[in-house]
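See below for the structure under consideration.
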Amino acid sequence: MSSEQTVEINMKMLFKSKLSIESYCILLWLVRSHKDMIESYVKSYGKVDMFRFEELVKLGYIEIIDKNNLTFDNIRVTEAGIEVIGIEKLDHVRMFKELKEVYPKKGGLRGLHTDLARCQKIYKELITSEEMHKKILNCIRLHVKQTKQAGKMEFLQALPAFLHQRNYEQYLDDIGDNDDEVSSDVRVNIDGI
């Protein structure tokens, strides 16, 4: 995975919130529990100015639990903060558990659930909404179904490679937007026909 990260900013919410882009990004990372993004920011640009946190507290977007120990774990995002970002607070632990339940544990004789810590990190970065999580699960279901029908289960990628290469994306057009599961009448498209 490259060190470059993409941040989607809802400009309407940014202007409505009256936050600077820096404060908005900090709030976004807090809402999405992206501790690694805040750490990368600090490594690249130095400590975040305390003014940013004071601004977020003053506007009611965050609460600082222990003002003497300003760490990621001592900051709580309020409902107003989540609303400003315009996304739901995601349950990454539950989502990753569901991903592991859907992705096969074995491909032939090989174990596919390798390097789960890396997988969890990659998946957390991929997921921006509950809808995206459901789409990825549906893509995996379709991928596995097609692989089984072709008799090629032993060629399934290990989960870290599948996520890192974003191989689910090739199935996005083949799944319905609101389907909770891939239906059995999904047209199997093999060899581009």
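The values are calculated or read from the model by the stated rules, or taken from the named source; none is laboratory data. As the structure is a computational prediction, the values presented were derived from the model and not from experiment. Ideal geometry is used to build each Cβ from the backbone, glycine not excepted, and the neighbour counts take in all protein chains shown.
With respect to the numbered conditions (1) assigned to a helix (DSSP H, G or I); (2) within 25 Å of Val42 (Cα to Cα); (3) touching a residue at least 12 places away in the same chain (Cβ under 8 Å); (4) not aliphatic (A, V, I, L, M), which one is the sole condition not fulfilled by Asp73?
(3)
Among the residues of region 94-130, count how many are under 11 Å from the mean Cα position of the chain (by Cα) and free of Cβ contacts under 8 Å to residues at least 24 places away in the same chain.
0
This table checks each residue for (1) touching a helix residue (DSSP H, G or I) at 6+ places or on another chain (Cβ under 9 Å); (2) at pLDDT 85 or above.
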residue: Val144; (1), (2): yes, yes
residue: Lys148; (1), (2): no, yes
residue: Phe155; (1), (2): yes, yes
residue: Ala161; (1), (2): yes, yes
residue: Tyr171; (1), (2): yes, yes
residue: Asp177; (1), (2): yes, no
residue: Val186; (1), (2): yes, no
residue: Gly192; (1), (2): no, no
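Might you check whether a residue that is loosely packed, with under 14 Cβ neighbours inside 10 Å and of a type in the set (Phe, Trp, Tyr) occurs anywhere in region 166-177?
No, every residue in region 166-177 fails to be loosely packed, with under 14 Cβ neighbours inside 10 Å and of a type in the set (Phe, Trp, Tyr).
Between Leu19, Leu56, Leu14, which is within 19 Å of Gly86 (Cα to Cα), in a loop (DSSP other than H, G, I, E, B) and over 20 Å from the mean Cα position of the chain (by Cα)?
That would be Leu19, the only listed residue that is within 19 Å of Gly86 (Cα to Cα), in a loop (DSSP other than H, G, I, E, B) and over 20 Å from the mean Cα position of the chain (by Cα).
Which ones in region 143-162 are closer than 24 Å to Leu90 by Cα and touching a residue at least 40 places away in the same chain (Cβ under 8 Å)? Break it down into steps so the answer makes sense when it comes.
At the first step, the residues of region 143-162 found to be closer than 24 Å to Leu90 by Cα are 159-162.
Passing the criteria: Leu159, Pro160, Phe162.
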